[in-house]
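Taking it in order: structure first as structure tokens, then the write-up.
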Amino acid sequence: MDENIDVLLSETRSFPPPDAFARDAHINTDAIYRLADKDYEAYWASAAGSLEWMAPWKTVLEWTPPHSKWFVGGKLNVSANCVDRHIRTPNRNKAAIIWEGENGDRRTLTYWDLYREVQQFANVLKGLGVQKGDRVGIYLPLIPECAVAMLACARIGAIHSVVFGGFSPDSLRDRMNDAEAKVLITADGGYRRGQVVPLKRNVDKALVEAPTVKHVVVVQRRQGGFSDLFTEMKPGRDAWYHELMATAKADCPPAAMDAEDVLFILYTSGTTGKPKGIVHTTGGYLTGAATSTKIVFDLKDSDVFWCTADVGWITGHTYLVYGPLANGATCVMYEGAPDWPQRNRFWEICERHGVTILYTAPTAIRAFMKWGDEHPAKHDLSRLRLLGSVGEPINPEAWMWYHEHIGGKRCPIVDTWWQTETGSIVISPLPGLTATKPGSGTKALPGYFAELLDSTAVRIPVGGGLLALTKPWPSMLRTIWNDDARYVQTYFTKWNNRPDIYFPGDGAKRDDDQYFWILGRVDDVLNVAGHRIGTMEVESALVEHHAVAEAAVVGKTHEVKGQAIAAFVTLREGFTQSAALRDELKKFVANKIGALARPDDILFSADLPKTRSGKIMRRLLRDIAEGRALGDTTTLADPGVVSALKSQYEEKEG
Ligand code: 7RM
């Protein structure tokens, strides 16, 4: 059918779990898949049963497509599950969060510390008039107070909306207004690449046009604070966190929340239009978060788990806060940039804290590749036993580099596909069971039903097509805040004969072993002479060349072929661009995956335009390649990158 995608790249390397890893793993037989396939409601009921409930549910699932309710009638509290449960065990004094500031500050909070601090802050929020169902904004650097604030909201049934600290005052304002937040929690500043990000100053700008926010709580990021330049406290509206906490009582019983009460809203910008407030609820979300953290990361009591994402993204919500804490794990949290003060910062942190599980993004892995092997080589990474990847397709070459230079060839890699909307991981290997292949997320986890479909919802057994989730799952989004019509339209109208199938917006292929390979967003798919080609395959072919660290390809209008391929390429340290290298790369791609995929244009670039969470923005590269005015650049991490690329491209063309 017209939306099928050609398959070009073939990857034959396969890595079975190491024997010792498999032997000790939580899951090392496929019984769990059979169980979940047979009766997924029973599977999810048993998963939910490992949480602590205040009242049992009556019905596991009510599914009136496209709306689902899970564990209907059940009552629980997320903060009680993430904190109180563990202080009744020998984990009472276990480190919950080991934190490092970018400037070298360090703090460790035990579960007992969290227990006290969360309750105190819950009382602070109550004191500011926050009630069940009210929205609370969180706009912080990555500091332990992020977790405290989120859990404090959960404790009293307030709905949090975390806004990444790198967002502008305007983005913050729009999000506060859409959710009609009553209180906003921020800090005077936060460190990023040696600079202080003036969060409170941004808040002051944002709130000029966000009238629902009545109170601002300001965390002092460092002892003594920054100068008044950063923080002008507005009487009656603003208060210091440490001052409010000094008199707050550390007893605040957890509210009994309905399983379907909203836990949080998280805005995702998507490719176009107004940000969508993705709504997650209590029982289903925590079930998905807790279960996946345990089985995908094979999480044990002795692990030191480091998810490098910021809490401003879903990955930070699910795998830095809720999933690990629900499992009583020790997490590492790091405020700053991976190359600050030096390019070895991540490896220094891994060594210093004995990190055993590292979960990071392909964009970071490609940066590490680009910077060179010597940085990780300087550090003892022998405690690492498992690696994870999330956020974009990982190019096989980047996978191999991660495997070799970070994992010492001994650590399984879990390539985890999921979305803000799915709440938790959907497609991933189970590290003690699944043989991995570089670039493949392998299979849907137990309890999830992923398929590859054509545009008429017919299953494609092997080949390329549209990724689909054909049954509901507990941690799925419930709606878009204030816009249920958009929820239905965005996720459930791809197949009009099947209004019960969720469309994630990604293209994928399935190989002979039934493994999934995510090919990228369907909006980015190239169409060359009638062949639909996923961006991932051409990019992965480019990255396979020893000179290339990162690549992004887009389609550019071509009078004969429909589209020609334009490639934007970042070189590894020590390589320089040249016409010869350009020709070599074109040939290299043609040899690797076929003449059809040979790029017409290659532009060398020191950087690629990325979203603030590190995803390549191909939409803007298309604007550049087509010589159009640039579209919306407000979600870019660094707008300078595209303007530089644009003039470079025009020079070359002109
Ligand atoms: C967790 C997160 C979601 C989109 C998703 C994909 C892409 C994420 C992978 C991936 C290939 C992966 N949430 N994506 N993980 N593509 N392999 N392992 O990133 O809402 O911010 O983005 O990210 O396109 O639809 S998100």
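The values are calculated or read from the model by the stated rules, or taken from the named source; none is laboratory data. These numbers were taken from a predicted model, which means no experiment stands behind them. Using ideal geometry, Cβ is built from the backbone for each residue, glycine included, and neighbour counts are taken over all protein chains shown. The area values use the complete protein model at the heavy-atom level, side chains included, leaving out ligands, DNA and RNA. Shrake-Rupley method; radii C 1.70, N 1.55, O 1.52, S 1.80 Å.
Being within 16 Å of the ligand (Cβ to nearest atom), in contact with a helix residue (DSSP H, G or I) (Cβ under 7 Å, 6 or more places away or on another chain) and open to solvent by less than 10 Å² (accessible area, probe 1.4 Å) is the filter here, so list the residues in region 392-421 that pass it.
Hits for region 392-421 are ILE394, ASN395, PRO396, ALA398, TYR402, ILE413, VAL414, THR416.
For region 578-601, state whether one or more residues are closer than 26 Å to ALA337 by Cα and modelled with pLDDT of 90 or more.
Pass one, region 578-601, residues closer than 26 Å to ALA337 by Cα: none.
Checked region 578-601: no residue is closer than 26 Å to ALA337 by Cα and modelled with pLDDT of 90 or more.
Tell me which residues, restricted to region 608-654, are within 25 Å of PHE164 (Cα to Cα), over 23 Å from the mean Cα position of the chain (by Cα) and not β-branched (Val, Ile, Thr). Walk me through it before giving the result.
Our first condition is that a residue be within 25 Å of PHE164 (Cα to Cα); within region 608-654, this holds for 608-621, 630-643.
Next cut, over 23 Å from the mean Cα position of the chain (by Cα) only: 630-631, 640, 642-643.
Result: LEU630, GLY631, GLY640, SER643.
Regarding SER440, is this residue of a type outside the set (Lys, Arg), farther than 12 Å from ALA508 by Cβ, in contact (Cβ under 8 Å) with a residue 24 or more places away in the chain and touching an Asp or Glu at 6+ places or on another chain (Cβ under 8 Å)? Steps first, answer last, please.
Numbers: of a type outside the set (Lys, Arg): yes; farther than 12 Å from ALA508 by Cβ: no; in contact (Cβ under 8 Å) with a residue 24 or more places away in the chain: yes; touching an Asp or Glu at 6+ places or on another chain (Cβ under 8 Å): yes.
Here the answer is no, as SER440 does not meet what is asked.
Could you grab me the full set of residues in region 34-51 that are open to solvent by less than 60 Å² (accessible area, probe 1.4 Å) and touching a strand residue (DSSP E or B) at 6+ places or on another chain (Cβ under 9 Å)? Outline the logic, then answer.
Going residue by residue through region 34-51, those that are open to solvent by less than 60 Å² (accessible area, probe 1.4 Å) are 36, 40, 42-45, 47-49, 51.
Hits for region 34-51 are TYR40, ALA42, TRP44, ALA45, ALA48, LEU51.
Which of (1) over 21 Å from the mean Cα position of the chain (by Cα); (2) touching a residue at least 24 places away in the same chain (Cβ under 8 Å) does ALA468 not meet, given it meets every other one?
Failed condition: (1).
Just need a number here: residues in region 434-469 that are among the charged types (D, E, K, R), within 14 Å of the ligand (Cβ to nearest atom) and over 28 Å from GLY284 (Cβ atoms). Don't jump to the end; show me each part of the working.
The initial filter retains those residues of region 434-469 that are among the charged types (D, E, K, R), namely 437, 443, 451, 454, 459.
When the remaining residues are screened for being within 14 Å of the ligand (Cβ to nearest atom), the result is 437, 443.
Filter again for over 28 Å from GLY284 (Cβ atoms), leaving 437.
Of the residues in region 434-469, 1 are among the charged types (D, E, K, R), within 14 Å of the ligand (Cβ to nearest atom) and over 28 Å from GLY284 (Cβ atoms).
Looking at region 521-551 only, could you name the residues that are among the small types (Gly, Ala, Ser) and either outside any helix (DSSP H, G or I) or open to solvent by 10 Å² or more (accessible area, probe 1.4 Å) (or both)? Spell out how you get there, then give the answer.
Start the filter on region 521-551 by keeping residues that are among the small types (Gly, Ala, Ser), which leaves 529-530, 534, 540-541, 547, 549, 551.
Within region 521-551, ALA529, GLY530, GLY534, ALA547, ALA549, ALA551 meet the criteria.
When residues of region 510-529 are filtered for being away from the ligand (no atom under 12 Å from the Cβ) and of a type outside the set (A, V, I, L, M, F, W, C), how many remain?
Going through region 510-529 one residue at a time, the tally reaches 7.
Could you please find all residues in region 618-632 being touching a helix residue (DSSP H, G or I) at 6+ places or on another chain (Cβ under 8 Å), touching a residue at least 24 places away in the same chain (Cβ under 8 Å) and part of a loop (DSSP other than H, G, I, E, B)?
GLY627
How many of the residues in region 446-467 are aromatic (Phe, Trp, Tyr) and either assigned to a strand (DSSP E or B) or open to solvent by 30 Å² or more (accessible area, probe 1.4 Å) (or both)? I'd like the intermediate steps shown before the answer.
First, the residues of region 446-467 that are aromatic (Phe, Trp, Tyr): 448-449.
In the following step, the residues that additionally are either assigned to a strand (DSSP E or B) or open to solvent by 30 Å² or more (accessible area, probe 1.4 Å) (or both) were identified as 449.
Number of matching residues: 1.
On the basis of being over 30 Å from ILE314 (Cβ atoms), touching an Asp or Glu at 6+ places or on another chain (Cβ under 8 Å) and assigned to a loop (DSSP other than H, G, I, E, B), does ALA564 make the cut? Lay out the reasoning, then the answer.
Values: over 30 Å from ILE314 (Cβ atoms): yes; touching an Asp or Glu at 6+ places or on another chain (Cβ under 8 Å): yes; assigned to a loop (DSSP other than H, G, I, E, B): no.
No: the conditions fail for ALA564.
Those residues that are part of a helix (DSSP H, G or I) and of a type in the set (Ser, Thr, Tyr), I need them from region 301-344; list them, please.
Scanning region 301-344 gives THR315, THR318, TYR319, TYR322.
Would you point out the residue of region 487-506, among those that are open to solvent by 60 Å² or more (accessible area, probe 1.4 Å) and in contact with a strand residue (DSSP E or B) (Cβ under 9 Å, 6 or more places away or on another chain), that is farthest from the ligand (Cβ to nearest atom)?
Checked region 487-506; the qualifying residue farthest from the ligand (Cβ to nearest atom) is ARG498.
So which residues in region 111-121 are closer than 17 Å to GLU243 by Cβ and hydrophobic (A, V, I, L, M, F, W, C), if there are any at all?
PHE121
Check whether at least one residue in region 249-260 is open to solvent by 30 Å² or more (accessible area, probe 1.4 Å) and of a type in the set (A, V, I, L, M, F, W, C), and report yes or no. Walk me through how you get there before you give the answer.
In the first step, residues of region 249-260 are kept if they are open to solvent by 30 Å² or more (accessible area, probe 1.4 Å); the result is 249-251, 253-254, 256, 258, 260.
Narrowing the set further to residues that are of a type in the set (A, V, I, L, M, F, W, C) leaves 250, 256.
Yes; the residues of region 249-260 include at least one that is open to solvent by 30 Å² or more (accessible area, probe 1.4 Å) and of a type in the set (A, V, I, L, M, F, W, C).
Just to be sure before I move on: is LYS556 closer than 16 Å to ASP623 by Cα, charged (D, E, K, R) and either more than 16 Å from the ligand (Cβ to nearest atom) or open to solvent by 10 Å² or more (accessible area, probe 1.4 Å) (or both) in the structure I sent? Spell out how you get there, then give the answer.
Values: closer than 16 Å to ASP623 by Cα: yes; charged (D, E, K, R): yes; either more than 16 Å from the ligand (Cβ to nearest atom) or open to solvent by 10 Å² or more (accessible area, probe 1.4 Å) (or both): yes.
Yes: the conditions hold for LYS556.
Of all residues in region 299-317 being under 15 Å from VAL163 (Cα atoms) and within 12 Å of the ligand (Cβ to nearest atom), which is most open to solvent (accessible area, probe 1.4 Å)?
Going residue by residue through region 299-317, those that are under 15 Å from VAL163 (Cα atoms) are 309-317.
Still in the running and within 12 Å of the ligand (Cβ to nearest atom): 309-310, 312-317.
On the way: ALA309: 19, ASP310: 24, GLY312: 3, TRP313: 55, ILE314: 13, THR315: 19, GLY316: 0, HIS317: 0 Å².
It comes out as TRP313.
Does region 290-300 contain any residue that is under 20 Å from the mean Cα position of the chain (by Cα) and part of a strand (DSSP E or B)? Working first, answer last.
Here is the first cut: in region 290-300, the ones under 20 Å from the mean Cα position of the chain (by Cα) are 290-299.
Within this subset, residues satisfying the condition of being part of a strand (DSSP E or B) are none.
The answer is no; no qualifying residue exists.
Picking from ALA181, ALA122, which residue would you name as being surrounded by 24 or more Cβ atoms within 10 Å (Cβ to Cβ), touching a Lys or Arg at 6+ places or on another chain (Cβ under 7 Å) and part of a loop (DSSP other than H, G, I, E, B)?
Details: ALA122 fails: part of a loop (DSSP other than H, G, I, E, B).
Being surrounded by 24 or more Cβ atoms within 10 Å (Cβ to Cβ), touching a Lys or Arg at 6+ places or on another chain (Cβ under 7 Å) and part of a loop (DSSP other than H, G, I, E, B) holds for just one of ALA181, ALA122, which is ALA181.
Give me the helices (runs of 4 or more DSSP H) completely within region 361-404, filtered to those with at least 3 residues that are hydrophobic (A, V, I, L, M, F, W, C) and at pLDDT 95 or above, ordered by residue number. First the steps, then the outcome.
Working: elements: 362-371, 374-377, 396-401.
Passing ranges, in order: 362-371, 396-401.
Which residues, counting only those in region 184-215, are open to solvent by 30 Å² or more (accessible area, probe 1.4 Å), charged (D, E, K, R) and assigned to a loop (DSSP other than H, G, I, E, B)?
Result: ARG193, GLU209, LYS214.
Just checking: which of the helices (runs of 4 or more DSSP H) contained wholly in region 1-90 hold 2 or more residues that are closer than 30 Å to GLY505 by Cα and under 28 Å from the mean Cα position of the chain (by Cα)? Please lay out each step first, then the result.
Details: elements: 19-24, 31-38, 40-48.
Per the criteria, 31-38, 40-48.
Within region 353-391, which residues are within 16 Å of the ligand (Cβ to nearest atom), of a type in the set (Ser, Thr, Tyr) and in contact with an Asp or Glu (Cβ under 6 Å, 6 or more places away or on another chain)?
Passing the criteria: only SER389.
Could you tell me whether PRO431 is within 15 Å of the ligand (Cβ to nearest atom), more than 17 Å from the chain's Cα centre (by Cα), assigned to a loop (DSSP other than H, G, I, E, B) and surrounded by 24 or more Cβ atoms within 10 Å (Cβ to Cβ)?
Working: within 15 Å of the ligand (Cβ to nearest atom): yes; more than 17 Å from the chain's Cα centre (by Cα): yes; assigned to a loop (DSSP other than H, G, I, E, B): yes; surrounded by 24 or more Cβ atoms within 10 Å (Cβ to Cβ): yes.
In short, yes.
Answer yes or no as to whether ILE295 is under 17 Å from ILE138 (Cβ atoms), crowded, with 16+ Cβ neighbours inside 10 Å and among the hydrophobic types (A, V, I, L, M, F, W, C). Explain how you work it out, then say what you get.
Details: under 17 Å from ILE138 (Cβ atoms): no; crowded, with 16+ Cβ neighbours inside 10 Å: yes; among the hydrophobic types (A, V, I, L, M, F, W, C): yes.
In short, no.
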